[in-house]
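Reviewing the structure listed below.
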Amino acid sequence: MIEVTNLQKIYNGVTVLNIPVLTIQEGESFGLVGNNGAGKTTFFRLILDLIEASAGEVVIDDEIVARNEDWKTKVGSFLDEGFLIDFLKPEEYFSFVGKLYGKSEGDINQFLNSIREFFNSEILDTKKLIRDFSKGNQKKIGIAAALLGDPKILILDEPFTALDPSSQIRLKRFLNEMQKTKNITMLISSHDLNHVTEVCKRIVILEKGNVVKDLQTTEDTLKELEAYFAV
Amino acid sequence: MKGFLVRDLIRQEWLKSSRSQGFYKNLAVNILLGFFALYMAVMFLFIGFSLDNILEKLDDKLNPTQLFTGAMLYIVLLALAFRFFMQQLNTMNLPPYQVLPVKRNYLVNFLLVKPFFSLANYFHLFITVPFAVQSVSKYYDGGTAFRFVLINIFLVWFNSLMASFLKRKYGSGFSSFLFILVVIAALGALEYFKIFSLYKISLAAFGFVLFDPLGILIPLLAVAVAYALNRLFFRRNYYAERFNSKLKTDRNYNVNFSFLNRFGTIGEIMGLEIKLILRHKRTKSVLYMSAFFLLYGLIFYSNSAYDERQGFLFFVAMFITGLLMLMFGQWVISWDSSHFDGLMTKNISVSTYLKANFYLLIAFNVISFVLTTPYFFFGMKIVYMHLAAFIFNIGVNVYLLLFLSTFNTRRLDLSKTSALNYQGTTYKNFLIVLPIMFLPMIIVGVLSTYFSTAAALWTLTITGLVGTAFHKPIMTLCENQFKRRKYAMAEGFREIE
């Protein structure tokens with residue numbers, strides 16, 4: 001469970017994020033939408049303790065995240081290429097990450113087998129380094145690594161952009177399955193309103209750092225979102 | 001039309017550097033580099049003015065100019081080898097221009113001629129001009145002196161063109177490094193055992209080039225040939241992806257450091273950093289350079305002029321026994337800048353991360369120390385100095401580096417080549433190196449003057465041992481510092497230049 005209280009981030013006098021209170025329940029799929037600069041990535045970085053909050057706090061399972069390290073075992077995340085170690089081969093990277101979470105080679109292979117479909121045989125056994133892959137394939141590697149440690153909480157920043165259409169569909173199917181079978185809490189930001197409504201049961205709209213809408217997904221949600229963002 | 005194009009191309013190259021982020025931010029470093037250039041110029045001038053005197057004493061039969069011509073072939077070959085590894089290829093970002101109606105020929109010529117306008121390629125004039133005026137004109141005439149300077153300029157042009165051709169054609173991987181090292185060693189050995197003398201060939205060949213009025217045509221011809229080779233290469237490899245292909249492929253990715261697995265997460269991270277060193281151009285070229293720096297001691301230990309300058313000798317001892325730590329240590333933490341966010345969100349505690357870096361630095365020190373043990377032949381004083389330096393390095397400097405490196409918040413781009421690459425270097429790097437390198441030197445200098453060398457070395461040894469004894473609290477200190485600085489580092493590392 002993630003609890004956010006009075007969270008603020010201020011850069012040079014400009015408030016880029018201000019969330020008085022927000023709670024994300026265990027097993028919830030939480031979608032975050034908003035235009036560029038709305039504060040989505042800032043919010044995720046605050047949850048991951050990559051930036052320092054100007055005020056307030058993020059609490060995961062009753063423990064404050066800031067300057068703490070216990071949450072790292074529970075949270076899997078992929079925000080951008082900065083999460084990849086790009087001079088490794090994908091296999092080496094998965095092995096490295098797997099070992100950090102106490103996985104054996106067998107566990108890692110089993111995991112890689114389970115997402116073989118998502119990789120579409122473009123990732124493994126290519127002898128390429130991660131830095132030589134396309135943006136889309138790098139994204140797939142990052143998402144897979146985020147899942148490798150059996151996280152209770154998964155945080156993905158715009159996972160659908162740069163993926164090819166088939167991969168987008170596979171990823172959606174994959175995320176939906178994970179929710180059903182493993183009860184993972186998911187935080188996903190997206191610019192694609194279609195995708196996010198298909199994957200998330202709760203959708204929050206951020207605008208200039210403020211939560212302006214907090215919706216439970218229904219059949220009408222997509223229309224509501226489209227109406228909100230229409231210009 | 002063409003003049004206008006050249007102006008534009010030059011302007012855009014200038015904009016590329018001046019508009020890159022951090023150009024002004026990094027002014028302090030640029031000024032320091034300016035001072036460095038000035039220092040080099042003065043040193044070169046000094047060498048230029050004293051070369052005549054030095055060479056005069058070296059041989060009775062031959063005059064300084066003849067001796068110079070004898071060394072010429074060696075100078076050209078060594079400079080070529082040096083350039084082959086260190087010179088950055090002048091790449092222009094061709095693709096954006098390729099789609100514009102600009103003749104390709106024109107771009108290629110621009111690319112090849114550009115280094116001729118680089119000031120660094122004329123630094124040698126600080127040596128050759130004084131020598132020509134002072135020495136060559138004394139033994140011969142003004143015309144010969146003038147030709148001497150010209151020939152040197154042409155040879156630098158030749159080397160610059162030839163190095164970029166060889167680099168494009170063969171790539172500067174480890175195998176070419178070994179090959180060149182072996183060739184140089186072989187030539188040196190053949191000369192030493194008087195089997196085959198490059199010196200005599202050089203004497204004859206460059207004698208002709210310098211003293212025959214028509215000789216100057218030969219280096220000019222060499223420049224033309226090197227130019228033609230480059231042109232041929234670009235004609236054969238029409239597309240950008242092909243003419244840079246050699247520079248990109250690195251095949252040797254199958255090295256595994258499975259023995260490190262035994263050390264758990266710490267071992268995993270150490271293995272990661274070692275791969276990082278072996279798979280990036282910049283770190284690899286620093287590694288090659290370190291091999292040369294190991295020989296640094298030969299210059300000073302064998303020279304009796306330094307016998308009484310204990311502080312300086314200790315500086316040398318510390319430099320070579322801690323070589324790898326000093327070369328790579330300033331990059332600790334910041335070399336993870338491109339994947340820092342990833343490391344900070346994965347299941348790695350700060351203390352594990354710092355421990356991994358700590359043991360890596362210790363390993364660097366042990367390797368350098370072992371590699372420099374042959375210097376023990378220079379006597380017991382060197383043995384003591386190396387031991388004291390080693391203990392001080394692992395007991396004090398390692399911690400200092402770990403602590404101070406947290407102030408480095410510049411993203412480090414390791415994919416760009418070359419030794420004289422100052423990307424990601426700020427005045428902070430210099431501030432970090434100052435206490436590490438010069439403080440011990442001053443301590444030894446002062447203590448050995450007023451007390452004894454033994455007292456100085458013991459002081460440093462004991463300081464080092466005390467540091468090691470307090471390993472745990474010091475590491476906790478470093479950890480807290482890291483946690484305090486984490487956000488500033490992460491933010492700085494995210495900024496791509």
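With respect to B:I299, determine if the residue is assigned to a helix (DSSP H, G or I) and either outside the structural domain of B:L404 (by TED's automatic domain parsing) or touching a helix residue (DSSP H, G or I) at 6+ places or on another chain (Cβ under 6 Å) (or both).
So B:I299 does not fit the description; no.
Condition check ((1) over 19 Å from the mean Cα position of the chain (by Cα); (2) farther than 26 Å from A:K127 by Cα) across all residues:
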residue: A:D62; (1), (2): yes, yes
residue: A:A66; (1), (2): no, yes
residue: A:W71; (1), (2): no, yes
residue: A:S77; (1), (2): no, no
residue: A:G98; (1), (2): no, no
residue: A:E105; (1), (2): yes, no
Within the range A:56-72, restricting attention to residues that are open to solvent by 50 Å² or more (accessible area, probe 1.4 Å) and modelled with pLDDT of 90 or more, which residue is farthest from the other protein chains (Cβ to nearest Cβ)? A:D62
For B:K281, only one of the following conditions fails: (1) closer than 20 Å to B:G322 by Cα; (2) open to solvent by 40 Å² or more (accessible area, probe 1.4 Å); (3) within 14 Å of chain A (Cβ to nearest Cβ). What is its number? (1)
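So which of B:L324, B:L276, B:L343, B:L295 is within 14 Å of chain A (Cβ to nearest Cβ) and within 22 Å of the chain's Cα centre (by Cα)?
Only one candidate passes the filter, namely B:L276.
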Could you check how many residues of the range B:270-289 are among the small types (G, A, S) and within 15 Å of B:L178 (Cβ to Cβ)? 1
How many of the residues making up the range A:128-149 are within 11 Å of another protein chain (Cβ to nearest Cβ), touching a residue at least 60 places away in the same chain (Cβ under 8 Å) and among the charged types (D, E, K, R)? 0
In the range A:31-50, residues that are buried (at least 21 other Cβ atoms within 10 Å of the Cβ) and either away from chain B (no Cβ under 14 Å) or among the β-branched types (V, I, T) (or both) total 9
Could you check A:L206 against (1) at pLDDT below 90; (2) among the aliphatic types (A, V, I, L, M); (3) within 14 Å of A:F30 (Cα to Cα) and say which number it fails? (1)
Residue pairs within 9 Å by beta carbon, gap of at least six or interchain, first lying in the range A:19-48 and without any contact (Cβ under 8 Å) to a residue 12 or more places away in the chain, second open to solvent by 10 Å² or more (accessible area, probe 1.4 Å) and part of a loop (DSSP other than H, G, I, E, B), listed first then second, are A:N36/A:H191
Criterion (buried (at least 17 other Cβ atoms within 10 Å of the Cβ) and either within 14 Å of chain B (Cβ to nearest Cβ) or without any contact (Cβ under 8 Å) to a residue 24 or more places away in the chain (or both)) met by exactly one of A:L171, A:L215: A:L215
Looking at the range B:205-256, what helices (runs of 4 or more DSSP H) fall wholly within it and have at least 3 residues that are at pLDDT 85 or above and open to solvent by 40 Å² or more (accessible area, probe 1.4 Å)? B:217-236
Got at least one residue in the range A:2-21 being more than 20 Å from the chain's Cα centre (by Cα), within 11 Å of chain B (Cβ to nearest Cβ), over 21 Å from A:P151 (Cβ atoms) and open to solvent by 30 Å² or more (accessible area, probe 1.4 Å)? yes
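Being among the basic types (K, R) and closer than 27 Å to B:V396 by Cβ narrows it down to one residue among B:R282, B:R309; which is it? Give the derivation first.
On the way: B:R282 fails: closer than 27 Å to B:V396 by Cβ.
Unique residue meeting the criteria: B:R309.
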Take A:L171 and decide whether it is over 16 Å from A:L32 (Cβ atoms) and touching a Gly at 6+ places or on another chain (Cβ under 8 Å). no
Check on A:T181, touching a Cys at 6+ places or on another chain (Cβ under 9 Å) and open to solvent by 20 Å² or more (accessible area, probe 1.4 Å): no
Consider B:F376 carefully, then state whether it is in a helix (DSSP H, G or I), open to solvent by 10 Å² or more (accessible area, probe 1.4 Å) and within 19 Å of B:G464 (Cα to Cα). no
Would you please name the residue that is surrounded by the most Cβ atoms within 10 Å (Cβ to Cβ), looking only at residues in the range B:311-364 that are β-branched (V, I, T) and not in a loop (DSSP other than H, G, I, E, B)? B:T321
Exactly one condition in (1) within 7 Å of chain B (Cβ to nearest Cβ); (2) farther than 21 Å from A:T23 by Cβ is not met by A:S77; state its number. (2)
Would you be able to say whether some residue in the range A:105-127 is within 27 Å of A:N36 (Cβ to Cβ) and either more than 14 Å from every other protein chain (Cβ to nearest Cβ) or open to solvent by 30 Å² or more (accessible area, probe 1.4 Å) (or both)? no
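The values are calculated or read from the model by the stated rules, or taken from the named source; none is laboratory data. This one's a predicted model, so the numbers in the text were calculated from it and none came from an experiment. Cβ coordinates were reconstructed from backbone atoms using ideal geometry, including for glycine residues, and neighbour counts include every protein chain displayed. Note: accessible area is taken over every heavy atom of the protein model, side chains too, but ligands, DNA and RNA are not part of it. Shrake-Rupley method; radii C 1.70, N 1.55, O 1.52, S 1.80 Å.
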